Structures are given as C-alpha cells and as structure tokens.
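S.K.: Shown below is the structure under consideration.
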Amino acid sequence: ELKVEQNPLFLSMQEGKNYTIYCNYSTTSDRLYWYRQDPGKSLESLFVLLSNGAVKQEGRLMASLDTKARLSTLHITAAVHDLSATYFCAVDGVNKFYFGSGTKLNVKP
Amino acid sequence: SAVISQKPSRDICQRGTSLTIQCQVDSQVTMMFWYRQQPGQSLTLIATANQGSEATYESGFVIDKFPISRPNLTFSTLTVSNMSPEDSSIYLCSGLQGVQYFGPGTRLTVL
C-alpha cells in the first residue's frame with residue numbers, strides 16, 4: 001500500500017519567515033495534490049502537480065514535485081498569520097487517494 | 001470546479017440507531033469517495049462509491065456497517081448503522097473532477 005509521510009507535523013513560525021513542508025511517498029505516482037484545511041472546515045484544493053518537475057505558485061505558497069525522489073514540497077515565503085491552517089498532501093494511487101498526516105501551521109504575528 | 005453539499009451538517013444520535021448522510025454534487029464527477037476524519041487527524045478512506053453497483057470498501061470498513069449508495073453521477077449516501085460512541089467523527093464526501101473536491105462534512109456525535 002502506498003505510504004505518504006509529511007513533515008513536520010507541527011510548525012510554529014513567525015510572520016515574515018520562510019519554511020518548507022515535505023511530503024514523501026512510497027511508490028510511483030505522477031499526481032500529487034496539496035490541500036488546506038481551516039479549523040472546523042472542509043478541505044480546499046491548493047495545487048495539483050501532474051508531472052515530474054511541476055511547480056505551481058499561488059501568492060506566498062509554492063509547490064513542487066520530484067517524482068523520481070517521490071518528494072513534493074510546499075514552500076512558504078514571508079509567512080503571514082492568514083496562512084495558519086493544516087496542510088495535507090495527497091497522492092493519487094490506483095483509483096484512490098492517499099493522504100499525509102497533515103502539517104499544522106501556526107504563524108505567529 | 002465542482003461544488004459539493006452534504007446533509008445533515010451535524011447530528012447527535014443515540015447508540016444503536018442509524019444515520020444516513022447525503023452528498024450532492026452540482027456537476028458530474030467520475031468518482032465519489034467517503035472519508036472519516038477525527039479532529040486533528042488525517043482522512044481515512046471508508047469506501048469508493050460506485051455508480052449503480054456496490055461500493056468498494058477499505059480494510060476495516062464493511063457494507064453492513066456503512067452501506068453506501070450512488071444511484072447516479074452526482075449523488076451518494078452513506079449510512080452509519082447501529083452506531084456506537086466510537087463512530088463519533090466527521091464524515092466527508094468527495095468527488096473527483098480532475099481534482100478531488102470535498103463537501104463541508106457531517107459532524108456526528110453518538111451518545
């Protein structure tokens with residue numbers, strides 16, 4: 001079964017700082033998704049990465065995919081408090097999706 | 001993009017009863033899924049809802065406990081049967097349309 005590992009699980013950072021969340025997965029897949037979940041809310045799609053070397057950026061968030069290393073990163077640039085949420089990566093397996101444990105991000109003003 | 005609604009949004013139920021959760025998508029999706037999420041935890045896939053046929057269940061989930069229907073490409077139901085307090089959780093449905101879109105969730109508390 002495909003395994004997805006995210007780290008760190010918890011991240012507390014100051015506004016204005018940069019940081020990276022990592023998502024490793026155990027078997028070959030060419031599709032990886034990043035989601036955001038606010039407390040008490042459902043999951044919101046952030047990025048879809050469909051091929052090796054794919055890079056997507058939206059505001060202060062940038063996601064990349066290295067299918068050979070089975071690694072995706074979500075980079076946060078100059079964090080702001082509004083980015084505080086839980087971030088999940090999910091890998092497209094055969095007709096189903098495998099989610100990481102989530103990274104709970106707290107950006108302190 | 002697809003917009004997914006769920007009913008009810010929350011419920012408090014007694015042990016031994018059953019609850020049916022409805023999931024409606026505003027456009028056709030290729031696949032629909034049901035997940036369970038405990039507060040502060042990741043998502044656990046319960047099953048894939050197949051149109052017009054039996055759902056595909058993940059290990060640890062059985063049809064007698066979680067019967068699922070999907071009569072068409074935009075609608076699915078999940079029933080949580082013979083509930084116990086251990087079934088208290090958030091239940092999420094999702095639909096795949098290139099991207100997996102999620103409903104708002106149903107927060108279930110079993111007393």
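The values are calculated or read from the model by the stated rules, or taken from the named source; none is laboratory data. Since this is a predicted model, take the numbers as computed values, not measurements. Cβ placement follows ideal geometry from the backbone for every residue including glycine, while neighbour counts extend to all protein chains displayed. Quick note on the areas: whole protein, heavy atoms, side chains included, nothing else; ligands and nucleic acids left out. Shrake-Rupley method; radii C 1.70, N 1.55, O 1.52, S 1.80 Å.
Rundown of residues vs (1) over 13 Å from B:C93 (Cβ atoms); (2) touching an Asp or Glu at 6+ places or on another chain (Cβ under 9 Å), yes/no style:
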{"position": "B:S9", "(1), (2)": "no, no"}
{"position": "B:T17", "(1), (2)": "yes, no"}
{"position": "B:Q22", "(1), (2)": "no, no"}
{"position": "B:S27", "(1), (2)": "yes, no"}
{"position": "B:T44", "(1), (2)": "yes, yes"}
{"position": "B:K65", "(1), (2)": "yes, yes"}
{"position": "B:L73", "(1), (2)": "yes, no"}
{"position": "B:S81", "(1), (2)": "yes, yes"}
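S.K.: If you don't mind, another one. Since A:L61 meets every condition but one in (1) within 14 Å of another protein chain (Cβ to nearest Cβ); (2) farther than 18 Å from A:V91 by Cα; (3) open to solvent by less than 30 Å² (accessible area, probe 1.4 Å), which condition does it not meet?
M.R.: For A:L61, the exception is condition (1).
S.K.: Do we have any residue at all in region B:80-89 that's buried (at least 22 other Cβ atoms within 10 Å of the Cβ) and within 8 Å of chain A (Cβ to nearest Cβ)?
M.R.: Looking through region B:80-89, none of the residues is buried (at least 22 other Cβ atoms within 10 Å of the Cβ) and within 8 Å of chain A (Cβ to nearest Cβ).
S.K.: Of the numbered conditions (1) touching an Asp or Glu at 6+ places or on another chain (Cβ under 7 Å); (2) buried (at least 19 other Cβ atoms within 10 Å of the Cβ), A:L74 satisfies every one except a single condition; which is it?
M.R.: A:L74 satisfies every listed condition except (1).
S.K.: Find all pairs meeting these conditions: Cβ atoms under 7 angstrom apart; at least six residues apart or on different chains; first residue within region A:58-78 and at pLDDT below 95; second residue in a strand (DSSP E or B) and loosely packed, with under 14 Cβ neighbours inside 10 Å.
M.R.: none
S.K.: Kindly establish whether A:S12 is assigned to a strand (DSSP E or B) and free of Cβ contacts under 8 Å to residues at least 40 places away in the same chain. So that I can check it myself, show each step before the final result.
M.R.: Values: assigned to a strand (DSSP E or B): yes; free of Cβ contacts under 8 Å to residues at least 40 places away in the same chain: no.
Criteria not met by A:S12.
S.K.: Residues of region B:22-55 being open to solvent by 70 Å² or more (accessible area, probe 1.4 Å), within 19 Å of B:S81 (Cβ to Cβ) and over 11 Å from the mean Cα position of the chain (by Cα), which ones?
M.R.: Residue satisfying the conditions is B:E54 alone.
S.K.: Which one is farthest from B:Q100 (Cα to Cα), of the residues in region A:81-97 that are surrounded by fewer than 14 Cβ atoms within 10 Å (Cβ to Cβ) and away from chain B (no Cβ under 14 Å)? Give the steps one after another, and end with the answer.
M.R.: First, the residues of region A:81-97 that are surrounded by fewer than 14 Cβ atoms within 10 Å (Cβ to Cβ): A:81-82, A:94-95.
Next, only the ones that are away from chain B (no Cβ under 14 Å) stay: A:81-82.
Details: A:H81: 27, A:D82: 24 Å.
Per the stated criteria, the residue is A:H81.
S.K.: Give the residue, chosen from B:S76, B:S69, that is under 27 Å from A:W34 (Cα atoms) and either touching a strand residue (DSSP E or B) at 6+ places or on another chain (Cβ under 9 Å) or surrounded by fewer than 18 Cβ atoms within 10 Å (Cβ to Cβ) (or both).
M.R.: Details: B:S69 fails: under 27 Å from A:W34 (Cα atoms).
Sole residue among the options that is under 27 Å from A:W34 (Cα atoms) and either touching a strand residue (DSSP E or B) at 6+ places or on another chain (Cβ under 9 Å) or surrounded by fewer than 18 Cβ atoms within 10 Å (Cβ to Cβ) (or both): B:S76.
S.K.: On to the next question. Cβ-Cβ distance below 6 Å, separation of 6 or more or different chains: which pairs start in region B:96-111 with a residue that is farther than 30 Å from A:R31 by Cα and touching a residue at least 60 places away in the same chain (Cβ under 8 Å) and end on one that is open to solvent by less than 50 Å² (accessible area, probe 1.4 Å) and acidic (D, E)?
M.R.: B:V110/B:D87
S.K.: Still on this structure, please answer the following. Report every pair of residues separated by at least 6 positions or lying on different chains whose Cβ atoms are under 9 Å apart, first residue within region A:28-46 and away from chain B (no Cβ under 11 Å) and more than 21 Å from A:R60 (Cα to Cα), second crowded, with 16+ Cβ neighbours inside 10 Å and among the aromatic types (F, W, Y).
M.R.: Final answer for the pair search is A:S29/A:Y98.
S.K.: For A:R31, indicate whether it is surrounded by fewer than 21 Cβ atoms within 10 Å (Cβ to Cβ), on the phi > 0 side of the Ramachandran plot and charged (D, E, K, R).
M.R.: Judged against the criteria, A:R31 is not a match.
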